[in-house]
Amino acid sequence: TEIYTLSLHDALPISASENLSYASEILEVAKKLREVGRLEAAIALAERGLNINNDHAIALWLAPLEESQGRTDMALRAYGIAFDAQPSIELYRHLKRLSGPGWDALRPQLVKKAGEGYMKNTLVDIHLEEKDWDAAIAVAERDTWSTSLLEKVADKLIPIRPDWVIRISIKQSDGLIAKTQSNLYPEAAKWLARAKKAYQHKGQISDWQAYISNLRATYARRPALQRELAGL
């Protein structure tokens with residue numbers, strides 16, 4: 001606590017900075033050093049904090065500063081530490097932009113890291129970013145926790161893989177309708193809207209009209225469903 005009462009316009013005593021061990025303390029003092037114009041001291045302290053903690057917050061704060069000073073290697077290291085802690089498509093883009101010839105070796109490591117755990121959202125974002133459509137589809141179809149990844153991939157691939165979008169959208173809507181729960185019908189209609197867009201993209205609007213007319217006839221006795229289908 002005594003550290004924070006020091007005048008940061010003066011040189012922060014080495015002994016004081018070395019007493020900092022918590023990432024939050026290191027980052028707070030580094031930010032204050034930067035605020036008073038002591039950028040080199042701020043970067044040096046944050047680098048020491050990164051060596052101690054590999055902290056995500058320090059890495060995120062430090063990376064653009066290193067980059068602004070032309071220290072590409074340190075910026076890459078900081079972005080990499082941040083990505084390892086919390087993968088994101090934004091960090092992936094920074095790493096791709098800065099890695100140069102090392103990208104071919106780095107990319108598989110990032111893809112592997114993004115695929116760890118239960119949250120595959122970043123992995124799908126990466127596959128979509130790289131136009132690796134099959135990989136994005138495979139990840140989305142394997143996710144049994146929710147349909148959010150399927151929705152993201154389907155929305156992206158309407159103009160690219162319309163046949164797949166039609167198939168997966170009808171499969172999802174059929175599954176929801178089969179549960180005969182009216183609260184699920186709006187979601188079923190959203191999937192059908194994706195199918196409609198894919199049919200339109202293929203120039204097969206007559207096929208869509210035939211499909212939706214048959215669906216309305218099949219479920220003529222479900223007024224709640226009919227209301228959802230009316231706009232399609």
> If r is the Cβ-Cβ distance from residue 221 to residue 119 and R0 is 35 Å, what FRET efficiency results, to the nearest 0.05?
Replying inline: 0.25
> Between 220, 154, 44, which gets the highest mean-square fluctuation from a Gaussian network model of the chain, Cα cutoff 10 Å?
Replying inline: 220
>> Placing one identical point scatterer on every Cα of the stretch 103-215 and ignoring solvent, what is log10 I(q)/I(0) from the Debye formula at q = 0.17, 0.23 Å⁻¹?
In response: -0.83, -1.23
> Along the stretch 160-165, what does the Karplus equation 6.51 cos²θ - 1.76 cosθ + 1.60 (θ = phi - 60°) give for ³J(HN,Hα), rounded to whole Hz, x for Gly and Pro?
Replying inline: 10, 10, x, 5, 5, 4
>> Rolling a 1.4 angstrom probe over the protein chains, ignoring ligands and nucleic acids, what is the accessible area of residue 201 in square angstrom, nearest 10?
In response: 100 Å²
> Of 131/197; 120/179; 112/190; 96/197; 171/197; 131/171, which sit over 22 Å apart, Cα to Cα?
Replying inline: 120/179; 112/190; 96/197; 131/171
> Counting other Cβ atoms within 10 Å of each Cβ, which chymotrypsin sites (Phe, Trp or Tyr not before Pro) in the stretch 135-223 have at most 10 and sit in a DSSP loop?
Replying inline: 145
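Rounded to whole Å and ordered largest first, report the semi-axes of the equivalent ellipsoid of the chain derived from its Cα gyration tensor (root of 5λ).
Gyration-tensor ellipsoid for the chain: 52, 20, 14 Å.
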> For residue 77, what accessible area in Å² do you get when you roll a 1.4 Å probe over the heavy atoms of the protein chains, rounding to the nearest 10?
Replying inline: 90 Å²
> Counting only heavy atoms of protein chains, what accessible area per residue, in Å², does the chain have with a probe of 1.4 Å?
Replying inline: 55 Å²
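What is the percent carbon and sulfur in the accessible area of the chain, measuring with a 1.4 Å probe over the protein chains and ignoring ligands?
On the way: 6410 of 12690 Å².
Carbon and sulfur atoms account for 51 percent of the accessible area of the chain.
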>> Which order do you get for 144, 218, 72 if you rank them by accessible area with a 1.4 Å probe, largest at the top?
In response: 144, 218, 72
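The values are calculated or read from the model by the stated rules, or taken from the named source; none is laboratory data. Only a predicted model underlies this, so the values are computations on that prediction, with no experimental measurement involved. Because the Cβ atoms are built from the backbone with ideal geometry, glycine has one as well, and the counts that use them run over all protein chains shown. Ligands, DNA and RNA are excluded from the accessible area calculation, which covers all protein heavy atoms including side chains. Shrake-Rupley method; radii C 1.70, N 1.55, O 1.52, S 1.80 Å.
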